[in-house]
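What follows is a short report on a single structure.
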């Protein structure tokens, strides 16, 4: 599968994650496509970075989910996914979704 097609598949998974308000399908899709997932999360947030490289093309990005609440507040969690497709180090496409749940 060509990397631009892989990126389009990832975009579809990002949109589905937003629609379903769930990061699970996005994570499974990235790993099924061969992306390396790195857990960069901390005690109070979920954070993963992704990287998939073939020759001079790369898809990189991140997923972040965190609690927006502060003292005496009960706010929904914020979820953000951003992915970038590069060829020869030059950004060819970038896609971003976010939602609260």
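General remarks:
- Qualifying residues in the range 4-32 (those that are buried (at least 17 other Cβ atoms within 10 Å of the Cβ) and in contact with a helix residue (DSSP H, G or I) (Cβ under 7 Å, 6 or more places away or on another chain)) - the one farthest from residue 93 (Cα to Cα): 23
- Counting only strands (runs of 3 or more DSSP E) that sit wholly inside the range 1-91, those with at least 2 residues that are closer than 17 Å to residue 101 by Cα and touching a residue at least 24 places away in the same chain (Cβ under 8 Å) are 57-67, 77-87.
- So residue 58, is it surrounded by 14 or more Cβ atoms within 10 Å (Cβ to Cβ) and in contact with a helix residue (DSSP H, G or I) (Cβ under 6 Å, 6 or more places away or on another chain): no
Just so you know, all these numbers are worked out from the coordinates, no wet-lab data involved. Note that the structure is a prediction, hence the values are computed from the model and not measured. Because the Cβ atoms are built from the backbone with ideal geometry, glycine has one as well, and the counts that use them run over all protein chains shown.
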